[in-house]
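Below: one structure, written as structure tokens.
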Amino acid sequence: QVQVVESGGGLVQPGGSLRLSCAASGSILSINEMDWYRQAPGKQRELVATITTGGNTNYADSVKGRFTISRDNAKNTMYLQMNSLKPEDTAVYYCHFGLRARFFTGISYFWGQGTQVTVSS
């Protein structure tokens, strides 16, 4: 009863920008947590950015000052604006929601399908 769909990503040159979007839909009652993760080949999935219900944000040191996470509560959507991209940002990016939904008990967690971001010249 909950669907999560990501969009954005692609191939960009070093120094370029991309914007990722992720929308949750279905029988959602409230969203507590919105995060972006990424996983590079041969590496563990890592937390990139988090935004709370109140709009407070937190970033991995590797992306501070370059990435910006935001949310549109009315649309149950989060965004990741990525600027000054580097080759080491190449990874599959996943959005992640912690939310309350009808027919689920407590807070449930849902992942997006993942979108490839490749930074290369």
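Tabulated data
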item	result
Residues (of a type in the set (Gly, Ala, Ser) and in a strand (DSSP E or B)) located in the range 18-30	Ser21, Ala23, Ala24, Ser25, Gly26, Ser30
Where Ala101 falls short, out of the listed (1) free of Cβ contacts under 8 Å to residues at least 12 places away in the same chain; (2) over 15 Å from the mean Cα position of the chain (by Cα)	(1)
Residues satisfying the stated conditions in the range 98-121, i.e. open to solvent by 40 Å² or more (accessible area, probe 1.4 Å) and in a loop (DSSP other than H, G, I, E, B)	Arg102, Phe103, Phe104, Thr105, Ile107, Gln113, Ser120, Ser121
Any pair with Cβ under 6 angstrom, 6 or more apart, that starts in the range 42-68 at a residue that is touching a residue at least 40 places away in the same chain (Cβ under 8 Å) and ends at one that is surrounded by 10 or more Cβ atoms within 10 Å (Cβ to Cβ) and assigned to a loop (DSSP other than H, G, I, E, B)	Val48/Ala60; Val48/Val63
One residue from Gly15, Gly55 being part of a loop (DSSP other than H, G, I, E, B) and within 22 Å of Tyr109 (Cβ to Cβ)	Gly55
Unmet requirement for Phe67, which otherwise passes all of (1) within 12 Å of the chain's Cα centre (by Cα); (2) aromatic (Phe, Trp, Tyr); (3) open to solvent by 20 Å² or more (accessible area, probe 1.4 Å)	(3)
Odd one out for Ile28 among (1) open to solvent by less than 50 Å² (accessible area, probe 1.4 Å); (2) touching a helix residue (DSSP H, G or I) at 6+ places or on another chain (Cβ under 7 Å)	(2)
Those residues of the range 31-52 which are basic (Lys, Arg) and open to solvent by 20 Å² or more (accessible area, probe 1.4 Å), in sequence order	Lys43, Arg45
Residue check for Asp89: farther than 15 Å from Gln116 by Cβ and either modelled with pLDDT under 95 or open to solvent by less than 60 Å² (accessible area, probe 1.4 Å) (or both)	no
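The values are calculated or read from the model by the stated rules, or taken from the named source; none is laboratory data. What you are looking at is a predicted structure, and each value in this text was computed from that prediction instead of being measured. In this analysis, Cβ positions are derived from the backbone assuming ideal geometry, glycine residues included, and neighbour counts consider all displayed protein chains. Side chains are part of the model used for accessible areas, which takes the heavy atoms of the whole protein and leaves out ligands, DNA and RNA. Shrake-Rupley method; radii C 1.70, N 1.55, O 1.52, S 1.80 Å.
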